[in-house]
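Here's the structure we're looking at; comments come further down.
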Amino acid sequence: MINGKTKVVGIFGWPVEHTFSPAMHNSAFAHLNLNYVYVPFPVNPEKLGAAVDGIRGLGLAGVNVTIPHKSNVMPYLDKIDQAARLIGAVNTIVNENGTLTGYNTDAPGFVRSLEQDGGITPQGKRIFILGAGGAARAISIQLSLAGAREIVFSTRVPQKSAGLQDIITGSTNTKVTEAVWGDATNAGLRKTDLLINSTPLGMYPNIDVMPPVDLRALQDTAVVCDLIYNPRETLLLQKARESGLRTINGLGMLLYQGVIAFELWTKTKAPVEVMKAGLSTIVGK
Ligand code: NAP
């Protein structure tokens, strides 16, 4: 029940109507009897600075930040966590007595999902990433910080990952290489431990497409991951499963970024299964 002691958290986005996060967080607050509420805030990009001041002014406990604000919000914050600074994007803000600290929970959320859903840790692994946009940037930096041996980027426009390669090799020991998009020989795919699709290829409503990779080039032990969560099993994941490979969809990343944000705000262990159930009722099929 909302009363005078209720703490408010939420999400800044534009648009924000389609967010799944209120269901996930509010079910967790209710389950633990925590006096918090999570609400969506449609924040016009021109009003972002005023909205961030509103966190301080209204005493919000914190917010999530989504498209298109993840990078633009950074100059308005007091402190930024080291990994978030490297990634260049913040998706969670914590308000401690008026001091706002920015974190990126997408990236560690992804790594936790790899461990929990796929039983795979990045340490020492060769990881092949399709695409080099915002999500690829976050996860590749986190994977390299977690000790990945090599990251191979494959993008439809050559050199798209160049800046990212510089950041990773400048701050970690991970080797970074580039593979030709749609290479018919699939040379880059061999000896890959983890293949990740970070492009929207296969996302609803275009569910009949998949990135141009030949899964037969992968070793039997490889894990195939798609950041897409709608549909829950993309054509890429379906083909991988039919080839006997282990698969991971994007639902875990969505879940665990929320779990980590929840714990940052409340300093309380998140009820993961309750949050997963909250998401499952509304996300894709
Ligand atoms: P983004 O910044 O727009 O990057 C998309 C990447 O895909 C870019 O490298 C882009 O290449 C490439 N791409 C787009 N269309 C393509 C096509 N037709 N053929 C080949 N490459 C194509 O998007 P994002 O934020 O990184 O998101 C990428 C995916 O991850 C989306 O499916 C999104 O839903 C998913 N995601 C999931 C989560 C989660 O919690 N599970 C979180 C974030 C994102 P160009 O640069 O050449 O356009």
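From its DSSP helices (H runs of at least four residues, each -39,500 (n - 2.57)), the chain gives a residue-normalised ellipticity at 222 nm of -10000 deg cm²/dmol. Using θ = phi - 60° in the Karplus curve 6.51 cos²θ - 1.76 cosθ + 1.60, the 3J(HN,Hα) couplings for the stretch 144-158 round to 6, 4, 8, x, 4, 6, 8, 10, 10, 9, 10, 10, 5, 9, x Hz; x is entered for Gly and Pro. The calculated FRET efficiency for Gln123 paired with Thr19, based on their beta-carbon distance and R0 = 30 Å, is about 0.35. Put a plus charge on the Cβ of each Lys and Arg, a minus charge on the Cβ of each Asp and Glu, and nothing anywhere else: the dipole of the chain about its Cα centre is then about 260 debye. Here the extension length gained between Gln82 and Asp220 equals 46.1 nm, from 0.36 nm per residue of separation less the Cα-Cα distance.
In the context of the full set of protein chains, the stretch 183-245 has a per residue accessible area of 50 Å² (1.4 Å probe). Output the pairs from Lys70/Lys175; Lys70/Lys160; Lys79/Lys276 with a Cα-Cα distance over 23 Å in this structure; if there are none, say none. From the list (Lys70/Lys175; Lys70/Lys160; Lys79/Lys276), the Cα-Cα distance tops 23 Å for Lys70/Lys175; Lys79/Lys276.
Kirkwood radius for the stretch 1-154, taken over all pairs of different Cα atoms as the inverse mean of 1/r, rounds to 16.7 Å. Treating r as the C-beta distance of Asp166 and Val39 and R0 as 41 Å, the FRET efficiency rounds to 0.55.
Each distinct pair of alpha carbons in the stretch 120-245 adds a 1/r term; the inverse of their mean, the Kirkwood radius, is 14.5 Å. Surface listing: Met203, Met210, Met1, Met253 arranged by accessible area from highest to lowest gives Met1, Met203, Met210, Met253, probe 1.4 Å. The calculated FRET efficiency for Ala184 paired with Gln159, based on their beta-carbon distance and R0 = 30 Å, is about 0.90. For the residues Ser280, Ser198, a 1.4 Å probe over the protein chains yields an accessible-area ranking, largest first, of Ser280, Ser198.
Here the stretch 81-213 is assigned +1 on the Cβ of each Lys and Arg and -1 on the Cβ of each Asp and Glu. Its dipole about the Cα centre then comes out at about 340 debye.
Each residue of the stretch 215-224 is assigned a 3J(HN,Hα), and the resulting list reads 5, 5, 7, 7, 6, 4, 8, 5, 10, 10 Hz, derived from the Karplus form 6.51 cos²θ - 1.76 cosθ + 1.60 (θ = phi - 60°), x at Gly and Pro.
The values are calculated or read from the model by the stated rules, or taken from the named source; none is laboratory data. All figures in this text were calculated on a predicted structure; none of them were measured in a lab. Please note: Cβ atoms are built from the backbone with ideal geometry, for glycine as well, and neighbour counts cover all protein chains shown. Quick note on the areas: whole protein, heavy atoms, side chains included, nothing else; ligands and nucleic acids left out. Shrake-Rupley method; radii C 1.70, N 1.55, O 1.52, S 1.80 Å.
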